[in-house]
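Accompanying notes for the structure given below.
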Amino acid sequence: MKKILIVTANYYPEICKELKESALKNLKNFTIKSIFAPGVFEIPVIISKNISKFDAFIALGCVIKGETPHFDLISKSVTDGLMRISIETKKPIGNGILTCFNKKQALARVNKGEEAANAVVQVLKNVPK
């Protein structure tokens, strides 16, 4: 049975809880382990440290735009980091990290956890054993 690690940033607990619940909907045929990160910036390093232990990963979290460029820097850094890890290791990483302008917008998009999980499942199905 394939093993998937879900790494959830805990910076916005209400949003991230919903993201995780939506991600778990269609993962019944997999062995799932879930751990928390303090924020989305830490997710790529946590995945890197666990890369040999799992077949795939799901990154969940939320970045909400403030008044500084921090939002843009964090969002791009994390997305680039996840893509680099995925390509270098040839392991799928579902990106369920929301980048929103406000909390209301984020709560309306918590189904992105399920979309990230579904993407990982599809990639795992299409990779020869």
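Computed from the coordinates by the stated procedures, all read-outs in this text should not be read as laboratory data. What you are looking at is a predicted structure, and each value in this text was computed from that prediction instead of being measured. Cβ placement follows ideal geometry from the backbone for every residue including glycine, while neighbour counts extend to all protein chains displayed.
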task = Select from the range 99-129 the residues that are under 18 Å from Ser34 (Cα atoms) and basic (Lys, Arg) and list them in ascending order.
result = Lys112
Residues that are in contact with a strand residue (DSSP E or B) (Cβ under 6 Å, 6 or more places away or on another chain) and closer than 16 Å to Cys100 by Cα, drawn from the range 11-24 = Tyr12, Ile15, Cys16, Leu19
message = Give all pairs with beta carbons closer than 6 Å in which a residue from the range 68-87 that is within 16 Å of Ala9 (Cβ to Cβ) meets a residue that is surrounded by fewer than 16 Cβ atoms within 10 Å (Cβ to Cβ) and of a type in the set (A, V, I, L, M, F, W, C); count only pairs at least 6 apart in sequence or on separate chains.
response = none
ask   = Of the residues in the range 1-44, how many are within 29 Å of Lys65 (Cβ to Cβ) and either basic (Lys, Arg) or free of Cβ contacts under 8 Å to residues at least 12 places away in the same chain (or both)?
value = 4
remark   = Of the candidates Val110, Val123, the one satisfying the condition of being touching a residue at least 24 places away in the same chain (Cβ under 8 Å) and in contact with a Pro (Cβ under 6 Å, 6 or more places away or on another chain) is Val123
inquiry  = Residues that are within 13 Å of Leu98 (Cα to Cα) and aromatic (Phe, Trp, Tyr): does the range 25-36 have at least one?
reply    = no
query = Pick from the range 92-109 the residues that are out of contact with any Cys (no Cβ under 9 Å at 6 or more places or on another chain) and buried (at least 18 other Cβ atoms within 10 Å of the Cβ): which of them is farthest from Asp72 (Cα to Cα)?
reply = Pro92
inquiry  = Can you find, within the range 26-65, the residue that is farthest from Leu5 (Cα to Cα) among those that are touching a helix residue (DSSP H, G or I) at 6+ places or on another chain (Cβ under 7 Å) and of a type in the set (D, E, K, R)?
reply    = Lys65
